[in-house]
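Input: a single structure, listed below in structure tokens.
Only the coordinates and a few stated rules stand behind these numbers; no lab work does. Since this is a predicted model, take the numbers as computed values, not measurements. Here the Cβ positions follow ideal geometry from the backbone for every residue, glycine too, while neighbour counts run over all protein chains shown.
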Amino acid sequence: MYTQGLNSIDAHPTSAEDAEREARFQARIDADEKIEPNDWMPATYRRTLVRQISQHAHSEIVGMLPEGNWLTRAPSLRRKAALLAKVQDEGGHGLYLYAAAETLDVTREELVEQLLAGKAKYSSIFNYPTLTWADIGAIGWLVDGAAIMNQIPLCRCSYGPYARAMIRICKEESFHQRQGYEIMSTLARGTAEQKAMAQGALDRWWWPSLMMFGPSDKESQHSDASMRWKIKRFSNDDLRQKFVDATVPQGHALGLVFPDPQLKWNEASGHFDFGPIDWEEFRQVLAGNGPCSKDRMRARRKAHAEGVWVREAALAHAAKRRADEEAAKLAAE
Ligand code: BYC
């Protein structure tokens with residue numbers, strides 16, 4: 001389903017001059033300077049950023065779908081208002097991220113086209129269904145919790161526009177995570193049926209949440225370059241472990257059981273050990289064979305087609321304002 005021609009490895013400079021420019025660029029990164037849109041950057045750095053930022057933007061937009069599914073069925077007005085605000089936030093995150101990607105010489109239209117054509121990846125997690133209201137709690141607690149763990153270090157990413165977008169996004173994500181945990185905690189303290197709903201949601205979302213951090217470090221193709229460029233500050237496995245260590249005590253506080261018989265505290269390492277991840281499932285989801293992959297793409301294409309008139313109206317309005325401003329300027333001369 002997905003292609004990523006964007007990040008082919010052509011990192012080797014073609015001339016002594018290029019080598020010198022790359023060395024200066026790397027020295028700036030090593031000195032923790034921010035790289036800004038008009039600065040020189042290696043083509044591979046630019047492509048890596050376009051790949052990661054656009055996948056991230058697509059994830060935010062597609063991520064609106066599983067939660068949007070519950071807007072009409074939230075159990076109270078308060079829950080509905082909070083969920084609506086959260087889903088709107090995700091749309092906003094997508095916009096900041098598309099705007100950050102556009103500073104790298106690519107248009108939002110091109111990126112959206114890649115998504116709709118099935119050529120661009122988005123996070124594996126959004127290819128799973130939201131079967132009960134408890135899944136909304138689990139998404140906030142686990143999916144947003146995993147997102148925060150991954151995204152806090154991105155606030156220090158070497159590329160200025162991405163780092164700045166992430167600061168605002170992370171603030172909003174922490175509200176999302178608390179919203180989810182509160183839903184889980186209400187259900188876990190509720191009737192036996194409600195507690196069973198919370199447990200079922202944890203059973204469904206735990207392993208896919210661990211997969212969000214990407215393949216193991218051994219399998220990760222882009223980590224070495226991204227770490228050297230300080231786009232990524234921690235490896236996929238390190239972030240996954242941090243997430244497990246932070247989340248397991250939260251689940252235990254809710255009285256829930258993680259669906260992993262091998263999960264246990266390891267006194268010697270100071271971390272939780274956990275069982276093997278089903279990487280075949282991850283590969284299948286990335287290949288477009290997740291439980292909801294086809295539905296998600298269908299919903300995005302439909303929304304895009306139905307939004308044509310909004311985009312046309314916005315462009316017509318902008319053109320009219322420009323024309324009015326020009327006319328006012330001429331009249332004033
Ligand atoms: N799903 O070499 P690797 C959110 C791909 S939004 C799909 O380790 P990298 C939220 C990877 O792209 C969550 N694909 O890659 C929104 C690469 O494929 P390509 C999104 C995945 O980039 C709404 C290949 O596997 N967050 O939280 O060094 C509501 C090899 O991987 C996944 C971000 O996008 C995956 N899970 O590291 C609630 C954060 N994992 O491109 C919540 C920014 C890996 O070669 N992104 N792949 O075809 C990142 O931090 C990094 O891109 C990743 C992967 C850690 C995800």
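Kindly state, to the nearest 0.05, the FRET efficiency for Ser216 paired with Gln26, given R0 = 41 Å and r defined as their beta-carbon distance.
After rounding to 0.05, the efficiency reads 0.95.
Using the structure shown, list the pairs from Lys86/Lys294; Lys34/Lys264; Lys218/Lys242; Lys119/Lys320 with a Cα-Cα distance above 29 Å, or answer none.
With Cα atoms farther than 29 Å apart: Lys34/Lys264; Lys119/Lys320.
Please check: in the Gaussian network model of the chain (C-alpha springs, under 10 Å), which one of Ala268, Ala138, Ala253 has the largest mean-square fluctuation.
In this elastic network of the chain, the residue with the biggest mean-square fluctuation among Ala268, Ala138, Ala253 is Ala268.
One quarter of the convex hull surface, Cα atoms only: what value does that give for region 30-96 in nm²?
With every direction weighted equally, the projected area is 6.2 nm².
Arrange the following residues from fewest to most other Cβ atoms within 10 Å of their Cβ: His317, His271, His222.
His317, His271, His222
Express the relative contact order of the chain as a whole percentage, based on alpha carbon pairs under 8 Å and six or more residues apart in sequence.
19
Taking H placed 1.01 Å from N in the peptide plane, check which residues at least 5 places from Ile35 or on another chain put their amide H under 5 Å from its amide H.
It is Tyr159, Gly160, by chain and number.
GluC sites (Glu not before Pro) within region 177-274: which are DSSP loop residues with at most 16 other Cβ atoms inside 10 Å?
Here the GluC sites (Glu not before Pro) that fit, given the DSSP loop and packing criteria, are Glu219, Glu267.
I'm a student and want to see the number: the projected area of the Cα convex hull of the chain, averaged over all directions, in nm².
21.8
Mind checking which of Thr44, Thr191, Thr107 has the largest fluctuation in a GNM of the chain, springs on alpha carbons under 10 Å?
Among Thr44, Thr191, Thr107, the largest mean-square fluctuation in the Gaussian network model of the chain belongs to Thr191.
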